[in-house]
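Have a look at the structure below before the remarks.
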Amino acid sequence: MTAPGFGIYVHWPFCLSKCPYCDFNSHVRDSVDHDRWRTALLAELDHYADRTPGRTVTSIFFGGGTPSLMEPSTAAAVIDRIAQRWTLAPGVEITLEANPSSVEAARFADLAAAGVNRVSLGVQALDDASLAFLGRRHSVAEAFDALAIAKRRFARTSFDLIYARPGQSVADWRAELMRALEGGTEHLSVYQLTIEEGTKFATLAARGDIVMPDEDTQAALYEATQEMLEAAGLPAYEISNHARPGAESRHNLTYWRYGDYVGVGPGAHGRLTVDGQKLATRAHRAPEIWLDRVAARGHGAHADEPVGTTERRDELLMMGLRLTEGVSRARLRDELGADVDMLLDRRKLDRLVGAGFLALDDRALQATAAGRQRLNAVLASLLG
């Protein structure tokens, strides 16, 4: 059994502008008091360190928002405080998300000096018209320049792309993927564009101003992605994530393997096992309210929510079946104290196995390639 690890997620909620497809907890502000934010992040780290003594941190992830807008001294202070309050695993993975603009790329040297050893670039598209449609502030040329700088500064790099954009053909997408592969990376996250409630794109779609590809086109785009990246030596290890063997995101694997992780910053979620009880933690979303609460009581979290056995089972399977490796029987026993036959309705399971959507053997329960392509429906059938 592969241990899920123990991660620390640090949320930086600020962006220069809000992308029209984004429903993340991100905000645009005219100014940010960096000293106050640094103090608050350190205080909330201390709060969670007091609750999880003796743990070994296998990964740290700065997400957002746009954490490359954070002052490098803040990243350094956060990393140093984590090292003081917990034990860092040898070769700990420390990732920071960044936009590939020339302004942010100029900070890469200082971020690397702060301790960041992996960067994830939000490239999103490799043609300028699509970047404008997606509300991105960089050009394709800037993206490739930033990728080249990142590869010089950091031990590991990744970048994101969004596909199934309005009007995108399979041929267009294949050409874009080829450009991405020519740019060179060990890890690629490839997400299908979805219309999220409350976003600008949701308003445009409701008016009929943008029309998404039909299901057949979406499926063809997904299949082309799997085929091309597998052939290039970056097989899928998760529904939307591809990597050369050994280059998988260790932090995200902690989520997908249902490990414990601390969530720090406004809106951050966590999962912690304390005295044998799985707890869900959640911070207040609004940045200014979170900041005031940390100043008043040392953290901005809502009350813990115990995670019951059925909910733990559902969360473990919803996360783990996204992975090509699936969910090991050993992991089920370790987390829930029971094996597949005691946790699931065997008739439903056998039906999904027989239909070719799930596979079960002595080692693990896995979603097949067909099952991962329609995982929401598979999970609804299995757990409903």
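The values are calculated or read from the model by the stated rules, or taken from the named source; none is laboratory data. Everything numeric in this text was worked out from a predicted model, so none of it was measured. Cβ: placed from backbone, ideal geometry, glycine included. Neighbour counts: every protein chain shown. Please note that ligands, DNA and RNA were not included when accessible areas were found on the heavy atoms of the full protein model with its side chains. Shrake-Rupley method; radii C 1.70, N 1.55, O 1.52, S 1.80 Å.
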Checklist entry - Yes or no: residue 13 buried (at least 21 other Cβ atoms within 10 Å of the Cβ), in contact with a strand residue (DSSP E or B) (Cβ under 9 Å, 6 or more places away or on another chain) and within 30 Å of residue 141 (Cβ to Cβ)? => result yes
Next on the checklist: Among the listed residues 118, 81, 137, 85, identify the single one that is of a type outside the set (A, V, I, L, M, F, W, C), out of contact with any helix residue (DSSP H, G or I) (no Cβ under 7 Å at 6 or more places or on another chain) and at pLDDT 95 or above.
Outcome noted: 118
Checklist outcome for this item: Of those in the stretch 293-332 that are buried (at least 20 other Cβ atoms within 10 Å of the Cβ) and touching a Pro at 6+ places or on another chain (Cβ under 8 Å), the residue nearest to residue 365 (Cα to Cα) is 331
Checklist entry - Of all residues in the stretch 149-170 being under 22 Å from residue 94 (Cα atoms) and more than 21 Å from the chain's Cα centre (by Cα), which is most open to solvent (accessible area, probe 1.4 Å)? => result 152
Checklist entry - Out of all the residues in the stretch 313-326, is one or more more than 20 Å from the chain's Cα centre (by Cα) and closer than 30 Å to residue 45 by Cα? => result yes
Next on the checklist: Return the pair list, or none, for Cβ contacts closer than 6 Å from residues in the stretch 196-208 that are without any contact (Cβ under 8 Å) to a residue 40 or more places away in the chain to residues that are open to solvent by less than 70 Å² (accessible area, probe 1.4 Å) and in a loop (DSSP other than H, G, I, E, B), at least 6 apart or on different chains.
Outcome noted: 202/195; 205/195
Checklist outcome for this item: Counting only residues in the stretch 333-360 that are outside any helix (DSSP H, G or I) and at pLDDT below 95, the one surrounded by the fewest Cβ atoms within 10 Å (Cβ to Cβ) is identified as 337
Item to check | Any chance residue 21 is outside any helix (DSSP H, G or I), open to solvent by 20 Å² or more (accessible area, probe 1.4 Å), of a type outside the set (S, T, N, Q) and touching a Leu at 6+ places or on another chain (Cβ under 7 Å) | outcome: yes
Checklist entry - If you take the residues in the stretch 229-270 that are out of contact with any strand residue (DSSP E or B) (no Cβ under 6 Å at 6 or more places or on another chain) and of a type in the set (D, E, K, R), which one is most open to solvent (accessible area, probe 1.4 Å)? => result 230
Checklist entry - Quick one: which of 146, 129 is out of contact with any Gly (no Cβ under 9 Å at 6 or more places or on another chain), open to solvent by 20 Å² or more (accessible area, probe 1.4 Å) and assigned to a helix (DSSP H, G or I)? => result 129
